[in-house]
Every structure is written in structure tokens, then in C-alpha cells.
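Let me begin by presenting the structure, written as C-alpha cells, before commenting on it.
What follows is calculated from the coordinates using simple rules that are stated; it is not laboratory data. In this text the structure is predicted, and so the values were computed from the model without any measurement. Heads up, the Cβs are rebuilt from the backbone with ideal geometry, glycines too, and the neighbour counts pull from every protein chain shown.
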């Protein structure tokens with residue numbers, strides 16, 4: 001018996017860990033510039049940061065998937081929350097934002113807290129649409145996928161017009177303190193690790209976590225076992241949007257601009273991919289936080305490896321790689337199940 | 001019917017054996033089916049009836065032995081081969097596409113086409129209409145089958161088989177979901193099919209049906225063919241005896257139980273049924289349950305047995321009207337969690353769909369309702385959780401490899417005991433059991449009866465519904481009978497008989513109450 005009740009890693013996760021090591025070794029060997037060999041720390045930092053930025057909202061996607069739902073909104077939620085965060089800063093300190101002056105810690109904290117509240121509200125909206133109105137999760141979050149990005153742009157244009165006197169579809173962020181959130185490696189990584197542990201504890205060691213598994217595994221049986229399934233869903237969808245919100249805040253720090261049109265476009269599928277590669281079943285009821293974290297790491301390692309070996313920008317092949325990895329990983333686990 | 005046994009049999013199974021990992025589902029079964037006869041195959045759950053039929057219909061292809069059709073050996077590779085050879089099957093769980101029309105279902109996979117290669121809906125619909133009329137099925141061929149009653153859906157399947165020019169029709173427990181009127185209609189249809197020369201293999205364990213319909217009866221037990229009998233030369237008692245392998249002794253429950261105080265009482269409970277001609281699923285139900293008493297609820301399918309238990313557990317589709325009192329205090333239940341807190345537990349009818357978490361372990365399934373009691377500072381304490389699970393496994397003697405075994409590794413009877421165990425951990429006052437022995441084999445049934453008796457003696461009040469009257473007669477202290485949502489009779493355990501209950505259960509609404 002380990003600290004967390006069962007063996008800390010499932011067979012699937014051990015396999016994933018092996019695959020990550022294998023890809024790292026292959027990249028080291030096949031990369032003509034020997035980046036991993038010559039600059040191990042720089043490479044590790046880069047992979048860690050990218051993994052953290054992907055992994056944070058993949059955890060949210062995983063919780064929703066384990067609860068038997070799906071959250072298609074995370075990419076748009078990243079864009080929306082990034083825009084909201086920048087908007088709050090513009091509203092609180094318009095001059096500083098326009099003239100690239102420091103904002104001060106209180107404003108940054110207020111902006112972050114305000115954005116988290118917005119994330120919570122959007123998650124609650126999803127839960128309400130699904131449990132009270134009775135929409136399928138796919139539809140409810142599809143509406144957000146389409147709607148939030150557009151709403152972000154509306155907010156951005158109106159606020160810039162009022163505060164800066166000219167419409168803009170993006171907001172520049174110059175504040176060094178805020179940008180340090182993402183430009184430093186350790187903040188995103190620490191946030192990611194802490195979130196992974198929190199989600200791990202929540203799912204594995206709390207009553208509501210067990211209820212989330214039960215809900216995803218058999219919703220009718222869960223309700224008839226006296227579980228308040230609506231509450232469990234509410235929590236799951238709020239975790240889904242709030243992790244995306246945290247990622248959104250980090251992303252605008254990373255890119256030093258909040259652009260609701262391009263930020264996080266298509267990331268919802270990367271998050272679902274990381275969860276699925278990490279062992280979550282889209283039928284619900286199966287999956288873990290460490291698995292999802294490893295799934296995100298595996299995706300980033302493969303993307304980085306291919307970019308190093310082929311020597312083009314990582315983003316060129318990213319979609320293709322994610323697609324292939326998902327197909328291979330799921331096919332492999334099906335194959336292993338059948339044996 | 002009078003086909004001589006000297007003629008070549010229409011179908012002959014010769015030494016058919018089918019092994020699944022760890023189990024021999026069929027062991028050296030040889031069986032002849034004569035042309036034009038209605039041959040009934042009966043046996044308990046797990047006796048091998050379904051496996052035998054799957055061999056015959058090309059669903060199972062890797063078996064040992066031979067299948068001989070009209071004197072020549074055949075080997076079906078898939079169901080299409082069997083259909084082409086004139087073998088059709090009506091599965092217990094119907095094989096229809098709910099969204100498609102009756103006509104589209106009848107011609108599914110071999111749709112009629114016009115000269116342009118497009119679907120010829122009109123031709124299919126008129127052909128379907130002709131077939132359905134012949135079967136006394138008064139529906140429109142364009143109606144989606146999901147909207148049809150189960151009895152009509154079944155006739156759509158039969159129409160499909162007829163349109164395939166089926167000569168040998170296998171029917172797998174066809175009456176299990178039908179009303180009395182529908183059963184009668186089905187029997188007329190069967191008579192007509194036989195008149196048209198169709199040979200029928202009729203799988204059932206209902207003695208009255210078998211003895212009403214069959215020419216010959218084959219009994220399977222544990223994968224072996226026990227005997228094939230002429231219906232005229234046997235009787236239900238003998239067949240039952242062969243099925244079980246011993247006389248069914250009424251599970252003897254020692255001394256009579258002593259009921260205590262009234263723990264649950266229901267006063268004029270009604271459950272609305274919006275959009276239905278009857279308006280009420282349940283109407284004016286009043287009952288009292290004492291501690292240490294098993295109260296049986298009998299009734300045909302659709303009489304409202306399940307709905308009554310759902311009302312008492314706070315999970316009915318509509319909100320019931322009327323009063324529910326626990327220990328004399330009125331309770332209003334809007335969610336199963338409230339019923340659970342009040343001390344009511346419900347074992348659902350459909351274990352797999354409504355009770356089991358099939359991706360979880362035995363332990364996780366057992367502790368689902370009491371996980372909140374195991375926490376230390378908000379976290380589930382493994383030791384306490386294991387304690388709950390081990391206690392339940394020991395108390396109910398659940399046969400499992402261990403508390404961390406996957407729940408799917410348990411047999412049906414043990415899964416059922418496990419779910420009862422889940423609820424007992426909540427320390428209920430009232431246990432509602434909705435057809436708990438469905439799909440459970442005979443040995444496990446007796447064990448469940450003993451468990452109910454034991455729990456009752458410990459002071460639990462139990463309400464039990466069952467589709468099998470002998471079961472209610474065996475275990476209940478009192479039996480209530482529902483008919484179309486109304487209470488039509490109440491019997492004490494001593495005075496109740498199957499005949500009296502059936503009479504009360506088939507009363508229409510508005511008929512006077514007897515007691």
C-alpha cells in the first residue's frame with residue numbers, strides 16, 4: 001500500500017514513462033545539432049515550461065472526461081480568460097498599460113483573482129446548462145468554444161476603445177512582474193506540479209473524487225446510490241474552466257499580449273489528447289492525474305523531438321504529431337486490453 | 001406435428017460442444033428437430049440454451065460437432081449464412097434500429113431498390129404492411145420502431161423473419177416482456193406460422209407456455225442435454241425436476257418471524273403519468289410495513305411495482321402525491337440521498353445498468369454510500385474503508401478473490417449480495433428489493449432468501465417485488481397485489497396462492513377490491 005492507497009502508477013503510466021525516456025534518448029541520438037547533449041538544462045527548461053502550460057488545462061479536461069463529460073471550451077476559455085485578465089488590468093490602470101509602466105502587485109493580484117472568478121462562473125454556466133437545462137456536455141461546451149472567443153474580442157475592442165480611445169483586437173502587456181509569471185520557468189512548473197498533486201488527491205483520496213469516478217462510470221447507479229451527481233458535475237466543470245483560466249493567465253504573460261482571436265486556438269483538443277494518451281477513457285470513469293501529466297509530457301517530448309530532428313518550427317508538425325500520438329496510444333492500449 | 005421420427009430430421013445437432021475459457025457451455029449435445037414441430041428448449045440460466053441457439057444461427061462458429069440441415073452437414077460462418085439457409089432468430093433483446101421505421105427494419109440490409117438504384121420506400125412499405133396485417137400487428141409501416149410497444153416490436157422482428165422466408169424460427173423467451181393480451185396474440189401468430197409450415201424452436205422456462213405450445217420438450221442442464229420428451233408423455237413437474245436436477249424444495253425458513261412496530265406507512269400515494277390515457281401510474285396506494293416483516297408486492301409487468309419502490313426512494317420520474325411516513329413522521333423525498341439519510345435503501349431491478357459500477361473494485365462498490373464516514377480531515381482513510389468492505393464481505397459471505405478484485409469477476413448472485421451489502425452499510429430501517437433474484441441461479445436464490453430472512457430477524461423491514469410468484473409465496477409475510485397502478489388485494493402469507501394472486505393481478509381498474 002502506497003501513500004495514495006494503490007500503486008502510485010498504473011501499468012499504462014509506467015509504459016508512458018518508458019516511452020518518454022525512449023523518445024528523449026532517440027532525440028538525443030538523432031538530432032544533428034545535439035541540442036539535448038550540449039544544452040541539457042536549456043532543453044529541459046523549455047520542455048518543462050511547454051509541458052506545464054499544456055498540462056495545467058489538460059488536468060481540467062481529464063477531470064471532466066473522468067466524470068463522463070467532455071469540455072470543448074478550454075482553448076477558447078484560455079483566450080477569454082487571458083483577455084479578461086488584461087482587460088481588468090486596463091480598467092484598473094489604463095495609463096500604466098498604455099505607457100508600458102509597471103502596474104504594481106495589487107493590480108496584478110486583483111486581475112488574477114478576478115479572472116479566476118470569471119473562470120468559475122463559466123464552469124458554473126456549463127454545469128447549469130448540463131444539469132438543469134439538460135444539454136449534452138458536447139453541445140454546452142461547444143457553444144462556449146464558439147462563443148467565448150468572440151465575446152473576448154467584443155470585450156477587448158470595447159475596453160480599448162473606451163480606455164485608449166482606439167479599437168484594438170488585442171492588448172499588449174508590458175509589465176515585467178506579470179510576465180515573470182510565465183517567463184520564469186519555475187512558476188508554471190510549480191503551478192503544474194501543485195495542481196497535479198491536488199487533482200491526484202482530490203480524485204484518489206476524497207469522497208467527491210470517488211463520486212466523480214462513479215458518476216463517469218455509471219451515472220444512473222451513482223444517482224441511485226444517493227450521490228448528488230449535479231454537485232459532482234459542477235465541481236468537474238469548474239475545475240475544467242478554472243485550470244484553463246490559470247493557463248490563460250500564464251499564456252498572456254508568456255506572449256506579452258492578450259489576443260482573443262489567436263490565443264489557445266485548438267488547444268482544447270490537445271488537452272483532450274493529453275488526457276486520453278494519459279489513460280483517460282472517453283466513456284468516463286477511468287483516468288488519473290499523474291497519467292494525464294505524463295500524457296502531456298509525452299506529447300511535448302514527441303513534438304520537441306520531431307522539431308529537433310527535422311529542424312523546423314515545432315508548431316509546423318504539432319497537429320500532425322498530436323493526431324498520430326493519440327491514435328497510436330489509444331490503439332496500443334486497446335491492443336493490450338484485448339490480450 | 002405427426003411427423004414420424006423415421007423421417008430425416010429438419011435440423012440435427014450432432015455432438016455439439018462449445019468451450020469458453022474455463023467453462024464448457026455445451027457438452028456433446030445431440031438434438032433432432034422434426035419438420036413442422038414446435039420444439040421447446042428449456043433449462044435454467046446458464047444451462048446452455050442461448051449458446052445452443054447461437055450455434056444454430058451462425059453467431060458462434062467455432063464449436064466442435066456437426067450441424068446437419070435436411071440431411072446434409074452445414075457450417076454457418078455468419079448469421080447471413082443461417083438466414084440464407086432459412087434459419088431465423090427472434091432474440092430476447094430485440095435487434096431493431098429504433099430510429100428507423102418498421103418497414104425499414106424489416107428490409108434492413110436487403111432494401112428494395114427501384115430502377116434508379118434508390119430506395120423504393122413505397123414497395124417496402126406495402127410489403128411490410130401486408131406482413132404486419134397478417135401478424136395482427138396494427139401499426140403503420142412508416143412508424144419508427146422505438147415508438148412501438150415491445151409486443152409490436154417483436155412482431156416487426158417476426159415479420160422480418162417471415163420476409164426472409166424463414167423455415168426454422170428460433171424464439172428466445174419471447175413472452176418475457178409482453179402483456180397478457182400480447183402473449184395471446186403471439187400465440188395466435190405462432191399457430192398461424194405453424195399452419196404455414198414453419199418449424200419453431202421455442203426457448204422458455206415458463207411451464208404453462210411450454211405445455212400449451214410444444215410438441216416436444218428438450219431439457220438442458222449445465223450444458224448437457226438431459227432428455228427430450230414428448231409433451232403428451234410428461235408433465236410440468238417432471239420437466240422442472242429435470243431442469244433443476246432435484247425437486248424444488250420450498251426453501252424452509254424455520255420459525256415464523258415476529259413483526260414489530262410499523263416502520264413505514266404510505267397513505268394514499270399516487271404517481272401522475274403525464275400524457276398517458278391512464279393519467280396515473282399509481283393511484284391511491286396505502287400500505288404499512290412493520291419492522292421484521294417481508295412485504296411482497298406482486299403484479300404483472302407495468303402494474304407499477306418498480307414505480308412504487310421508486311416513489312418510496314425519492315427517485316420517481318414525477319413527484320408523487322400523498323404521504324410517506326417513517327416511524328410516524330412524514331418524510332418528503334426528492335433525491336435518493338435523502339431517502340438514504342432517512343434510512344431507506346433500494347436494490348434496483350436492473351443490476352448492471354442501475355446498480356453496478358463495473359469499472360470499480362468490490363471494495364469501491366461496497367463503500368460507495370458510506371465513503372463520507374471513512375474520512376479523516378477530508379481524506380478517505382484506506383484502513384477504515386477496507387474495514388467496511390471486509391466486514392460486508394464476511395457478513396454476507398460474498399465470494400470474491402478479495403476486496404480489491406474487479407467487481408466484474410463476481411457471479412451475478414454475489415454481485416447482488418454485494419449491492420445489498422452496500423446498502424446495509426448505511427444502516428437502513430427499510431430495504432426495498434426490486435426483483436432481486438432476476439438473472440440469479442437457483443443456488444444463489446436460496447442464499448438470498450436466507451439472507452432476507454436473517455436481515456428481517458435483525459429488525460429490518462423489507463419490501464420485495466418479484467416477477468416470480470413462488471418466490472413471493474416462499475419468503476413473504478404478506479403480499480400486496482397491484483394491477484394497473486392500483487392495489488387490488490392483500491393476502492397474508494398463509495392464505496396466498498398463485499391463483500388468488502393472478503386473479504387479483506389481472507383485475508382491470510375499477511374492479512372491486514378484495515382482501
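For the pair residue B:94 and residue B:122, the difference between a 0.36 nm per residue extended length and the Cα-Cα distance amounts to 7.6 nm. Taking a ≥ b ≥ c as the square roots of the Cα gyration tensor eigenvalues, with a/c under 1.5 meaning rounded and otherwise prolate when a/b beats b/c, else oblate, which class fits region A:206-252? Prolate shape, in that a/c is at least 1.5 and a/b is the bigger ratio. Directionally averaged projected area (region A:121-219, Cα convex hull): 9.4 nm².
Would you mind putting B:68-79, A:83-94, B:256-267 in packing order, based on average other-beta-carbon counts within 10 Å, highest first? Please report the intermediate quantities before stating the final value.
On the way: B:68-79: 13.3, A:83-94: 23.7, B:256-267: 15.9.
Averaged packing, sorted descending, gives the order A:83-94, B:256-267, B:68-79.
For chain B, the convex hull drawn through the C-alpha positions has a volume of 181 cubic angstrom per residue. The Kirkwood radius of the protein assembly as shown, taken over pairs of alpha-carbon atoms, gives through the Stokes-Einstein law at 25 °C and 0.890 mPa s a diffusion coefficient of 78 µm² s⁻¹.
Distance between the pseudo-spin-label points of residue B:228 and residue B:179 (7 Å out from Cα toward the beta carbon): 3.8 nm.
Only beta bridges with both residues in the protein assembly as shown are counted; by DSSP, about 60 percent of them are antiparallel.
Principal-axis analysis of the Cα atoms of chain B puts helix B:412-424 at an angle of about 20° to the longest axis.
Rounded to the nearest angstrom and listed largest first, the equivalent-ellipsoid semi-axes of region B:262-505 from its Cα gyration tensor are 30, 21, 16.
Once the piece of chain linking residue A:161 and residue A:143 is laid out straight, how much longer is it, given 0.36 nm per residue of separation minus the C-alpha distance between them?
Working: separation 18, 0.36 × 18 = 6.48 nm, distance 2.69 nm.
Length gained, residue A:161 through residue A:143: 3.8 nm.
Compute the whole-percent fraction of alpha carbon pairs in region B:11-244 spaced more than 22 Å apart.
The share of Cα pairs beyond 22 Å in region B:11-244 comes to 53 percent.
Ranked from highest to lowest mean number of other Cβ atoms within 10 Å per residue, what is the order of the peptides B:103-109, A:18-24? Before the final figure, lay out the partial values.
On the way: B:103-109: 20.9, A:18-24: 14.7.
Packing order, densest peptide first, comes out as B:103-109, A:18-24.
Across region B:373-515, Cα pairs under 8 Å and at least six residues apart give a relative contact order of 15 percent. The GNM of chain A, with springs linking C-alpha atoms under 10 angstrom apart, assigns the highest mean-square fluctuation among A:178, A:138, A:57 to A:138.
Neighbour counting of Cβ atoms within 10 Å sorts the residues A:126, B:91, B:276, fewest neighbours leading, into B:276, B:91, A:126.
Reducing region B:26-90 and region B:399-418 to their Cα centroids gives an inter-centroid distance of 33 Å. Note: relative contact order over chain B, using C-alpha pairs below 8 Å and six or more positions apart, is 13 percent. Distance from the Cα centre of region B:318-343 to that of region B:164-203, in angstrom? For region B:318-343 versus region B:164-203, the Cα centre distance is 44 Å. Summary value for region B:11-244: 28 percent relative contact order, contacts being C-alpha pairs under 8 angstrom separated by 6+ residues.
Work out the mean other chain Cβ neighbour count within 10 Å for the residues of A:222-233 and drop it here as an integer. Mean partner-chain Cβ count within 10 Å for A:222-233: 6. Look at the stretch B:353-359: the mean tally of other chain Cβ atoms within 10 Å of its residues' Cβ atoms is 6.
Rounded, prolate or oblate: which fits region B:249-330, taking a ≥ b ≥ c as square roots of the Cα gyration tensor eigenvalues, rounded meaning a/c under 1.5, else prolate when a/b beats b/c?
On the way: a/c = 3.14, a/b = 1.55, b/c = 2.03.
Oblate is the answer for region B:249-330, as a/c is 1.5 or above yet b/c matches or exceeds a/b.
Sorting the segments B:430-438, B:370-378, B:391-399 by their residues' average number of neighbouring beta-carbon atoms within 10 angstrom, most packed first, yields B:430-438, B:391-399, B:370-378.
The simple spin-label model puts a point 7 Å past each Cα toward its Cβ; for residue B:277 and residue A:120 those points are separated by 5.5 nm. For region A:198-339, count all C-alpha to C-alpha pairs, find those more than 18 Å apart, and express that count as a whole percent of the total. Tail of P(r) above 18 Å: 65 percent of Cα pairs. Counting every alpha-carbon pair across region B:331-428, the share separated by more than 18 Å comes to 45%.
Taking only the Cα atoms of region B:160-207, the ratio Rg/Rh comes out at 0.96, with Rh defined as the Kirkwood radius.
With the cut-off at 1.5 for a/c, could you classify chain A from its C-alpha gyration tensor as rounded, prolate or oblate?
Values: a/c = 1.90, a/b = 1.15, b/c = 1.65.
Since a/c reaches 1.5 but b/c is at least a/b, the shape of chain A is classed as oblate.
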